[in-house]
1. Scanning for something among the aliphatic types (A, V, I, L, M) and surrounded by 15 or more Cβ atoms within 10 Å (Cβ to Cβ), does segment 1-12 turn up at least one residue?
2. Among the residues of segment 51-72 satisfying the criterion of being of a type in the set (S, T, N, Q) and exposed (fewer than 12 other Cβ atoms within 10 Å of the Cβ), which is modelled with the highest pLDDT?
3. Please work out which residue is nearest to Thr64 (Cα to Cα), limiting yourself to segment 20-43 and to residues that are within 12 Å of the chain's Cα centre (by Cα) and of a type in the set (A, V, I, L, M).
4. Examine segment 17-25 for a residue that is more than 30 Å from Leu103 (Cβ to Cβ) and β-branched (Val, Ile, Thr), and state whether such a residue exists.
5. Show the residue pairs meeting these rules: Cβ distance below 6 Å; 6+ apart or different chains; first residue within segment 69-81 and within 24 Å of Ala23 (Cα to Cα); second residue surrounded by 10 or more Cβ atoms within 10 Å (Cβ to Cβ) and basic (Lys, Arg).
6. Looking only at residues in segment 73-93 that are modelled with pLDDT of 80 or more and assigned to a loop (DSSP other than H, G, I, E, B), which one is surrounded by the fewest Cβ atoms within 10 Å (Cβ to Cβ)?
7. List every residue pair whose Cβ atoms lie under 9 Å apart, where the two residues are 6 or more positions apart in sequence or sit on different chains, the first residue falls within segment 1-22 and is assigned by TED's automatic domain parsing to the domain that holds Leu34 and among the small types (Gly, Ala, Ser), and the second residue, located anywhere, is assigned to a helix (DSSP H, G or I) and surrounded by 10 or more Cβ atoms within 10 Å (Cβ to Cβ).
8. Among Arg60, Arg40, which is the only one that is free of Cβ contacts under 8 Å to residues at least 12 places away in the same chain and outside the structural domain of Gln106 (by TED's automatic domain parsing)?
Amino acid sequence: MVRKEIYVFLLAYNLLRSLMWDAGTTYTTPPLRLSLQGTRHHLINFIPKLLAATSTKRLRVYRTLLKVIAHKAVPDRPGRSEPRVRKRRSKAYPLMTKPRHELRKQLQTA
């Protein structure tokens, strides 16, 4: 039973990734910049429209879905390195004793 659930999750994940790939390549948006959760929300909203549409109209609704997915790209966020320190956890990293922005500067200069 657990194996079936894992297979269903993998199937859903691959469906979303294939939608993102199709939307990205169709509308020249990098597929890795598209939001997985945004794609999931858009697909859930479009499922009733896809089911209610006739076969000739379904392709138009699908293309609209791809367009909506492609135009919701996640912005590029450069410089996302985080210092490896612990705040109040028992990990093998030193305690965070300085503000995060100072530690980022220290990492970038090192």
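1. No; the residues of segment 1-12 include none that is among the aliphatic types (A, V, I, L, M) and surrounded by 15 or more Cβ atoms within 10 Å (Cβ to Cβ).
2. Top of the filtered list is Thr54.
3. Filtering first and then ranking leaves Met20.
4. yes
5. From segment 69-81, the pairs are Ala73/Arg33; Val74/Arg33.
6. The extreme case among them is Pro75.
7. What qualifies is Ala12/Arg40.
8. Arg60
The values are calculated or read from the model by the stated rules, or taken from the named source; none is laboratory data. Here the structure is a predicted model, which is why all the values come from computation and not from measurement. Don't worry about glycine lacking a Cβ; one is built from the backbone with ideal geometry, like all the others, and counts go over all protein chains shown.
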